[in-house]
Amino acid sequence: MDELFGPFGEMRRLRRMMRGCRGMYGMGVPEDTREPLTDIVDEGEDLVALMELPGVNKDDIKVSTTADTLKVRVERKEEKEESDEDYFYRERRYGGYYRAISLPSEVFPDKVKASYKNGVLEVRMKKKVKTEEGKAIKVE
């Protein structure tokens with residue numbers, strides 16, 4: 001009874017509602033999609049995003065960037081089938097990862113490099129150098 005009406009039950013209902021909203025806002029993210037653990041590191045001229053994507057094939061990873069946003073999507077499909085004279089067994093599983101991150105500084109979208117090794121995706125982005133906001137000029 002506490003599972004349905006206690007504080008944790010309320011949190012589960014809220015989480016389900018929030019998952020459903022993803023599709024309402026046109027993001028097209030399946031309900032069983034998770035956000036991968038991510039670190040963003042500022043290395044001077046580069047921003048580096050490190051994402052944990054365990055058990056993912058490199059070919060299933062889609063990375064896209066704009067000047068201020070990094071998006072990573074992974075769709076996983078797994079099918080298993082066994083059969084014998086007496087039985088037939090088929091299992092399908094779908095899921096994946098999706099993350100859209102607002103970057104702390106603007107980057108050049110055409111200078112992004114991504115690599116994947118040992119379950120960790122590394123996205124290296126070249127930062128745009130910001131010019132000074134304004135400068136007083138003396139009229140001669």
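Could you please find all residues in segment 65-97 being β-branched (Val, Ile, Thr) and within 14 Å of the chain's Cα centre (by Cα)? Walk me through how you get there before you give the answer.
Taking segment 65-97 first, the residues β-branched (Val, Ile, Thr) are 65-66, 69, 72, 74.
Correct list: 65, 69, 72, 74.
Of the numbered conditions (1) part of a strand (DSSP E or B); (2) under 16 Å from residue 41 (Cα atoms), residue 95 fails exactly one; give the number of that condition.
(2)
Regarding segment 64-83, can at least one residue be identified that is part of a loop (DSSP other than H, G, I, E, B) and loosely packed, with under 10 Cβ neighbours inside 10 Å?
No, segment 64-83 contains no residue that is part of a loop (DSSP other than H, G, I, E, B) and loosely packed, with under 10 Cβ neighbours inside 10 Å.
Any idea which of 48, 74, 63, 56 is touching a helix residue (DSSP H, G or I) at 6+ places or on another chain (Cβ under 7 Å) and modelled with pLDDT of 85 or more?
From the options 48, 74, 63, 56, the qualifying one is 74.
The values are calculated or read from the model by the stated rules, or taken from the named source; none is laboratory data. Note that the coordinates shown come from a computational prediction; the quantities given were computed from them, not determined experimentally. Don't worry about glycine lacking a Cβ; one is built from the backbone with ideal geometry, like all the others, and counts go over all protein chains shown.
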